[in-house]
Each structure stands twice: as structure tokens, then as C-alpha cells.
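What follows is a set of notes on a single structure, which appears directly below.
Every number here is computed from the coordinates shown, using simple stated rules; none is lab data. From a predicted model like this one, the values you see are computed outputs, not experimental measurements. Heads up, the Cβs are rebuilt from the backbone with ideal geometry, glycines too, and the neighbour counts pull from every protein chain shown.
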Amino acid sequence: MLLEIDDIHVHYGKIAALKGISVSVDEGEIVTLIGANGAGKTTTLKTISGLRSLSSGAVRFDGRDISRMPGHKRVLAGIGQAPEGRGIFPGMTVEENLLMGAYARKEDVSKELAQVHELFPRLAERRTQAGGTMSGGEQQMLAIGRALMAKPKVLLLDEPSMGLAPMLVQQIFSIIVEINRRGTTVLLVEQNAQQALQIAHRAYVLETGRVVKAAPAGDLLDDPQVRAAYLGGASGADLAAASDVASAEADDTSGADDTPEADDDAEEGTSR
Ligand SMILES: Nc1ncnc2c1ncn2[C@@H]1O[C@H](COP(=O)(O)OP(=O)(O)O)[C@@H](O)[C@H]1O
Ligand SMILES: [Mg+2]
């Protein structure tokens, strides 16, 4: 296993957020954590990247126990994270934001920059634009691109599709698949369970700080309990058909949505 968290307990003050979570991620996999708000998904990722400390349990990465390793060393060891809410630096340019992702590396990073530009041509076009003036979808791309600049072995993604127009959601999910195809292991947290299960190899369902189910992702798409709780009760096939309709509708109505971000995002989607 590349990454293993073993029976971890994490507290916020006296409140137990994680009550014994075990998750493993093998090299080359896309693994997804799904679950309702407050289930402990973000806390799990923060514990892996070293932003929260353990009350008990262990985090192992690449054959080492990293439970007590500081966060910046975990980045160097190969754990990259695009945090919830993106966390880009609004006053820095797109390119400066990307270079921040590689700040801890001494060697030349032009190769990584070229690869990020290849994955996200928009970031190349907008390299001198201030990060804070990019649209929601572009900022998400920037957050992922910045994490990739550190050449992670595993990429932790916290709700990358949050708040994005349907077409942008599709684009982000395709890029995650492509990042994985190029060799980066992915641990993906999503509330958009249907899409996450469609691209992941394996999945864990979290409820109030515990893992209540672990299975191949495809099995969970057809699991009656998972369908009822996280997929609106419809079958996987129904949902696939519904998402086709939804993206067709988004095509038709791209100019009708009155939020500037959705407008921009929808145009971006149709221009490809
Ligand atoms: N900074 C915090 N202070 C206190 N409690 C928190 C904090 N962040 C998260 N929690 C609590 O920890 C639990 C798990 O939260 P979180 O990991 O953010 O869940 P998720 O990402 O699945 O929505 C929730 O009960 C939440 O209220
Ligand atoms: Mg969260």
C-alpha cells in the first residue's frame, strides 16, 4: 500500500471528529471517500497531510510511519493536497501560485510547469492574471495544478467539483482521470458521489467519523443503501442517463444562468 491510515482518532477539542477510520490506497488507484456533510472527510485528508494531529492510530506512507511528521515534510515525501475551498493566493498571478506549489523543491521545475500547462491550457493562457480574478472553475484548476507542482505520489482532492457548473464538473473529473492515467495516485473526497464512484477504483463511505462501507466503486453505484442515502435513490443506470440529460440541458441554457461564475464556466465548457 502506498498510503494507509490505521484506526485513526482525531478530535477538535473534546469533540471526536474521527472515531477509528482505516483507509488504504494502493499505488495507481483512485480511491474516493464519500459521505454527508460533517462525516469527517476533510478531517481525514487534513490528518493525512499533517494539518490535524492524531489522538491515536497511525498514518503510513510509502513504507514509513509519518504520524508525527510535520506537514511540509509530507509534501516533500510525496503527499500533495488541493484543499477544500481551493486556498489560492488571490493577489499573486496564476504562475506565481503554481510556483508556490513547488517552493520547497530546489531543482528546476520548468518540466512540471509545462505538464501543468498541458493539463490545464487555461492556466497557461492566464499565467499573468491575478489568481483571485479567475472564475471558480479556473481557481479549482489552479489549486490542482499547484498541488501537482510538488510532484506528489498521491494527490488529495477535497471536493474539487464544489460550486461548479455541470460542464465544469465533467471537465474536472476528466482531468482527475487523466492525472491518474499519467501515474499519480488519487484520494478524492466528494459530495458528488455519483461522479466520484464512476471514476474511482474503490470507495469508502463515511458516517459521523466512521467507515460504514468499503467496496469497489462500481459495486457501490448499485448498492441499495448507498443509492438511497447518497445517489437520490435511483439506480446507477438511471443516474448515468439523468446526467446525460443534465449536461445536454446545460449546453442549451449556458447563457441563461445569471451568476457570473456559471456563465463564464459554461462558456469555457462549450468552447472546447
Ligand atoms: N475547526 C473545527 N472545529 C470544531 N469542529 C470541527 C472543525 N472542523 C470540523 N469539525 C467537526 O468535525 C466533524 C467532521 O468535519 P469534516 O471533516 O469537515 O467533515 P466533512 O468534510 O465530511 O464535511 C464535524 O462534526 C465537524 O463539525
Ligand atoms: Mg469537507
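Structure data summary
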{"quantity": "Test: residue in the range 59-72 that is part of a loop (DSSP other than H, G, I, E, B), more than 16 Å from ligand 2 (Cβ to nearest atom), on the phi < 0 side of the Ramachandran plot and of a type in the set (A, V, I, L, M, F, W, C)", "calculated": "yes"}
{"quantity": "One residue from GLY63, GLY38 being surrounded by fewer than 20 Cβ atoms within 10 Å (Cβ to Cβ) and either in contact (Cβ under 8 Å) with a residue 40 or more places away in the chain or near ligand 1 (Cβ under 9 Å from one of its atoms) (or both)", "calculated": "GLY38"}
{"quantity": "Residue identified as aliphatic (A, V, I, L, M), within 16 Å of ligand 2 (Cβ to nearest atom), assigned to a strand (DSSP E or B) and under 19 Å from the mean Cα position of the chain (by Cα) among LEU45, LEU33, LEU51", "calculated": "LEU33"}
{"quantity": "Filter pass, LYS46 being more than 24 Å from ASP223 (Cβ to Cβ), among the basic types (Lys, Arg) and within 11 Å of ligand 1 (Cβ to nearest atom)", "calculated": "yes"}
{"quantity": "Checking GLY85 against (1) more than 14 Å from ligand 1 (Cβ to nearest atom); (2) under 30 Å from THR128 (Cα atoms), the condition it does not meet", "calculated": "(1)"}
{"quantity": "Of the criteria (1) away from ligand 2 (no atom under 16 Å from the Cβ); (2) under 30 Å from ALA228 (Cβ atoms); (3) of a type in the set (Ser, Thr, Tyr), which one TYR103 fails", "calculated": "(2)"}
{"quantity": "The range 177-198 - residue that is in contact with a strand residue (DSSP E or B) (Cβ under 6 Å, 6 or more places away or on another chain) and among the β-branched types (Val, Ile, Thr) and, of those, farthest from ligand 1 (Cβ to nearest atom)", "calculated": "THR184"}
{"quantity": "Hits in the range 128-187 - residues which are at negative phi and within 16 Å of ligand 2 (Cβ to nearest atom)", "calculated": "GLN140, ALA143, LEU156, LEU157, ASP158, PRO160, SER161, MET162, LEU164, LEU187"}
{"quantity": "Selection status of GLU112, within 19 Å of THR42 (Cα to Cα) and either out of contact with any strand residue (DSSP E or B) (no Cβ under 8 Å at 6 or more places or on another chain) or of a type outside the set (Ser, Thr, Tyr) (or both)", "calculated": "no"}
{"quantity": "Selection within the range 174-228 - within 13 Å of the chain's Cα centre (by Cα) and outside any helix (DSSP H, G or I)", "calculated": "THR184, THR185, VAL186, LEU187, LEU188, VAL189, GLU190, GLN191, ASN192, ALA200"}
{"quantity": "Residue tally, condition part of a strand (DSSP E or B) and either within 13 Å of ALA215 (Cα to Cα) or out of contact with any Lys or Arg (no Cβ under 6 Å at 6 or more places or on another chain) (or both), over the range 12-30", "calculated": "12"}
{"quantity": "Residues of the range 18-30 satisfying the condition of being surrounded by fewer than 23 Cβ atoms within 10 Å (Cβ to Cβ) and within 16 Å of ligand 2 (Cβ to nearest atom)", "calculated": "VAL23"}
